[in-house]
Amino acid sequence: MRGAELAALVREVMPQAQIAFSPDKPKSPFIHRMDDGLIRQELGYALRPMSAALADHIDEARRRQSRSTTRQAYRQAKGEGY
């Protein structure tokens, strides 16, 4: 999977996402080598689609952000700051 493909998957979940890749940064050698062939062959395990994993990851990040925001609001209401 190339960076542009990953960005497209992110935008399916978050259409407003602003994603840019810096040509000055080193490229990850691993993003292009995602192959579950050996684990499927030996254990019968298949990785779930990247789009599903990415959507779950974004949902979890949103839940954590929501909990953090709720805790901050509670502390502010009690006068504790944050």
TODO: Would you mind listing how long segment 3-78 runs along its three principal axes, going by Cα atoms, in whole Å with the largest first?
DONE: 56, 37, 22
TODO: Would you calculate the separation in nanometres between label points at GLN16 and MET50, each defined as 7 Å from the Cα along the Cα-to-beta-carbon direction?
DONE: 2.6
Task: Volume per residue of the C-alpha convex hull in segment 34-82, rounded to whole Å³ - done: 93
Task: Neighbour-count ranking [beta-carbon atoms within 10 angstrom, fewest first] of ILE58, ILE39 - done: ILE39, ILE58
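Read-outs: derived from the displayed coordinates by stated rules, not from any lab. Given the structure is predicted, the values throughout are model-derived calculations rather than measurements. We place every Cβ from the backbone using ideal geometry, glycine too, and count neighbours over all the protein chains shown.
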